[in-house]
């Protein structure tokens, strides 16, 4: 009897999760056309250099151009560029009204409570990937990613970060300067050029070790590369 109760509980739990994810997918599919135009037309259009793109994707999302929105490659961690955008677009961006808005509020609350295990955002990433080209996804990411605080103001986007921290245009950054910005992405207020230079420098060296091929991530959740020895 005990085994049957456990089996019923497991089946019931899996059924509830499946239903939750299906509804998340349906909601995202009918909401994406309302949410995307607002973002795709409001962001400035600028691009990374070829070398900058290679560095960014190597560290943040190695299979970006091949995956469907989610990925479990070594060093990927819990988010891809697409799933990060999905959160920004579906959950923290424009507020919807009516029934769509009610579901949006519900999914926001679920993510705030259970972000580590919430798969709803990943389903939204699948929907987003079908509705937005990889090029536009990358453009939105580099335009909207949070890059810490500078002079008590939030720095949004890599171009703003280049200006704030290096007083340069993004395309004019040296390789080391751009790697510094990429190093900040993991936790921009912790790996901060002004407030956390020691830990930032340590992460920069580890990232350089990854880029040179001297070290590789140890599995999906290894985004900190603690085992890597930094090389200048």
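Among 211-223, 120-132, what's the highest-first ranking by average C-beta atoms within 10 angstrom per residue?
Highest-to-lowest ranking by the protection proxy: 120-132, 211-223.
What nm value, rounded to one decimal, do you get for the distance between residue 108 and residue 7 when each label is placed 7 Å out toward the C-beta?
Placing both labels 7 Å along Cα→Cβ, they lie 4.3 nm apart.
If packing is taken as the average count of other Cβ atoms within 10 Å, what order do 102-113, 77-88 fall into, highest mean first?
Packing order, densest peptide first, comes out as 77-88, 102-113.
What number, in percent, do you get for the relative contact order of the stretch 148-232 if the mean sequence gap of Cα pairs under 8 Å and at least 6 apart is divided by its residue count?
Here the relative contact order equals 19 percent.
For the chain, what does the helix formula give at 222 nm: sum of -39500 (n - 2.57) over DSSP H segments with n ≥ 4, over the residue count, nearest 500 deg cm²/dmol?
That comes out to -18500 deg cm²/dmol.
Below 8 Å, C-alpha to C-alpha, sequence gap of six or more: please give me the relative contact order for the stretch 50-106 in percent.
22 percent
State, to one decimal in nm, how far the label point of residue 63 lies from the label point of residue 174, with both points 7 Å from Cα in the Cβ direction.
3.6 nm
With a Förster radius of 25 Å, plug the Cβ-Cβ distance of residue 29 and residue 220 into 1/(1 + (r/R0)^6) and report the FRET value to the nearest 0.05.
With a Förster radius of 25 Å, E is 0.40.
Can you work out D for the chain in µm² s⁻¹ from Stokes-Einstein, where Rh is the Kirkwood radius over C-alpha pairs, the temperature is 20 °C and the viscosity is 1.002 mPa s?
112 µm²/s
What percent does the relative contact order of the chain come to when contacts are Cα pairs within less than 8 Å and at least six residues apart?
Across the chain, relative contact order equals 21 percent.
Read-outs throughout are calculated quantities, based only on the coordinates presented, and are distinct from any laboratory measurement. Quick caveat, the model's predicted, so the values are computed rather than measured. Glycine gets a Cβ as well: all are built from the backbone with ideal geometry, and neighbour counts include every protein chain shown.
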